[in-house]
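Q: Sharing a structure, written as structure tokens. Questions coming.
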Amino acid sequence: MPETASTLSDLRRSLAEAALRSGPAAAGRIGLGVPALDEALNGGLARAALHEIYAAEVADLAAATGFALGLALRAGQVEEKAAGRPILWVRQDFVDAEAGRLHAPGLNELGLDPARLLLVRARDGEGVLRAGAEAARCPALSAVLIEPWGEPRPFDLTASRRLALATEASGVPVLLLRVAATEAPSAARTRWQVRAFASRALEANAPGAPAFALRLLRQRGGAAEREWRVEWDRDRHCFAERSLSDRASRTGHAAPLSRPLVSLSGDGQVAADGRDSGLRRAG
């Protein structure tokens with residue numbers, strides 16, 4: 001308990017400092033850059049809302065993470081007032097143990113300056129949700145990512161409503177990244193399932209842009225059960241639609257992200273000490 005209290009205290013101090021540097025966050029919608037997708041979302045992803053992103057399988061966690069980060073970056077790209085604001089990421093320690101720690105060069109390859117990232121690690125799902133709820137109330141952030149492992153007992157419909165109310169009040173999008181979890185009722189405005197998709201090689205067989213197979217499982221007040229194949233443009237900070245006539249689409253073969261989000265050694269540990277990764281930590 002003392003560790004959790006210390007983490008929340010450090011988090012509140014970091015959020016207060018961010019609030020002093022920024023004005024209120026913008027409301028409205030976040031266009032993803034894919035006309036058909038934005039049309040299905042009635043103009044884009046609702047900014048002041050909770051959104052759930054499920055990894056279809058544990059092996060798809062990197063793809064789901066890449067998509068969530070793309071949404072967070074779009075939140076700053078489409079609204080000038082939100083540009084350059086910190087992105088706060090609350091991650092459960094067990095995710096690090098299973099998938100490896102976040103890798104700053106990999107984040108940079110996706111277009112995220114690691115200096116913009118405030119990283120909070122929590123020991124259990126309850127700590128993740130408490131820190132995430134605290135962050136969701138801060139209008140000085142560009143976006144909040146919450147990443148528990150599995151199905152934390154405290155996360156139920158009531159807890160999701162608290163998150164939804166917090167983001168509606170602050171105007172900051174909250175992205176709940178789910179792995180090793182099954183769908184359950186929640187107050188999320190949208191729910192997505194993400195799978196890895198084959199990248200298109202560049203010249204000289206260089207790795208292509210990160211690609212994702214998206215399925216919109218739920219959209220409150222709108223159409224759902226739609227699917228898209230998209231790739232991420234790190235320079236323009238937007239998504240682009242992939243043609244379903246691609247060879248990978250016809251065969252159904254998928255590949256992981258061409259640029260890593262984590263760096264693992266043979267024993268499953270990170271290759272470099274997190275203190276040298278360039279990530280800013282709170283807690």
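The values are calculated or read from the model by the stated rules, or taken from the named source; none is laboratory data. Worth saying up front: this structure is predicted, and the values here are computed from it rather than measured. Here the Cβ is made from the backbone with ideal geometry for all residues, glycine too, and neighbour counts use every protein chain on show.
Q: Out of Ala18, Ala27, I need the residue that is out of contact with any strand residue (DSSP E or B) (no Cβ under 7 Å at 6 or more places or on another chain), part of a loop (DSSP other than H, G, I, E, B) and modelled with pLDDT under 60. Which one?
A: Among Ala18, Ala27, only Ala27 is out of contact with any strand residue (DSSP E or B) (no Cβ under 7 Å at 6 or more places or on another chain), part of a loop (DSSP other than H, G, I, E, B) and modelled with pLDDT under 60.
Q: Restricting to the stretch 159-177, count the residues that are in a helix (DSSP H, G or I) and of a type in the set (A, V, I, L, M).
A: 6
Q: So which residues in the stretch 126-172 are hydroxyl-bearing (Ser, Thr, Tyr) and either touching a Ser or Thr at 6+ places or on another chain (Cβ under 7 Å) or surrounded by 20 or more Cβ atoms within 10 Å (Cβ to Cβ) (or both), if there are any at all?
A: Listed by number, the residues that qualify are Ser142, Ser160, Thr167, Ser170.
Q: What is the one condition in (1) at negative phi; (2) at pLDDT below 95 that Arg215 does not satisfy?
A: Of everything listed in (1) at negative phi; (2) at pLDDT below 95, Arg215 misses just condition (2).
Q: If we scan the stretch 41-58, do we find a residue that is surrounded by fewer than 23 Cβ atoms within 10 Å (Cβ to Cβ), of a type in the set (Asp, Glu), at pLDDT 95 or above and outside any helix (DSSP H, G or I)?
A: yes
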